[in-house]
1. When DSSP assigns beta bridges and you keep just the ones with both residues in the chain, what percent turn out antiparallel, to the nearest 5?
2. Could you tell me, in Å, what Rg and Dmax come out for the Cα atoms of segment 1-98?
3. Using unit Cβ charges (K, R positive; D, E negative) and no other charged atoms, how large, in debye to the nearest 20, is the dipole of segment 5-100 about its Cα centre?
4. Under 20 Å from a point placed 7 Å out from the Cα of residue 11 along the Cα-to-Cβ direction: which residues of segment 31-63 have their backbone N that close?
5. Name the residues whose placed amide hydrogens come within less than 5 Å of the amide hydrogen of residue 56, ignoring near sequence neighbours (fewer than 5 apart) on the same chain.
6. Assuming R0 = 25 Å, what is the FRET efficiency of residue 30 and residue 98, from their Cβ-Cβ distance, to the nearest 0.05?
7. If amide H atoms are built 1.01 Å from N in the plane of the peptide, which residues on other chains or at least 5 residues away come under 5 Å of the amide H of residue 103?
8. If packing is taken as the average count of other Cβ atoms within 10 Å, what order do 7-20, 41-54 fall into, highest mean first?
Amino acid sequence: MHRPLSAYGELRKHALATLAAVGLAERAGATVRALSHGEQRQLEIALALAGRPRVLLLDEPTAGLSSAESALLAGLLARLDPAVTLLIIEHDMDIALQIARHVTVLHYGRVVADGPRDQIKANPFVREIYLGDPHA
């Protein structure tokens, strides 16, 4: 029932590669409580990726993170293998538009815009309500 870690060579190799993919290779030996909040978020992404999903659902992945941590996590998500489809719910439009190629914007539960990120960025209604441009 109990085996030494060396008996799980391929699993260990995959785990270390997954940690490296999310920028945590140097922290592989750390306990979770020793990780910063942002690093814990990175670890959550690593845990989700470890199962080699085809779709990854993320609800407010940058909530509670500092601006620097949010930018780091957004960059990480943007660099993920394009074979993994990301479905992200994110209220920070700057982050959402940085990560997503296709965006659906809801306002009070109704779809108000749907399309490629550049089209969404140019949408006057979206610019006024979510991007703070009153002259859109």
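Quick note: the coordinates plus some simple rules give every number you see, no bench work behind them. Keep in mind it's a predicted model, so treat the numbers as computed, not measured. When we count neighbours, we look across all protein chains shown, and the Cβ atoms used for this are built from the backbone with ideal geometry, even at glycine.
1. In the chain, approximately 55 percent of DSSP beta bridges are antiparallel ones.
2. Here Rg and the maximum Cα pair distance are 14.6, 49 Å.
3. Using Cβ point charges on Lys, Arg, Asp and Glu, segment 5-100 gives about 480 debye.
4. Counting backbone N atoms under 20 Å from the label point, the list is 31-32, 43-53.
5. For residue 56, the qualifying residues are 85, 86, 87.
6. Between residue 30 and residue 98 the formula returns 0.35.
7. Residues meeting the amide H criterion: 115, 117.
8. In descending order of packing, they fall as 41-54, 7-20.
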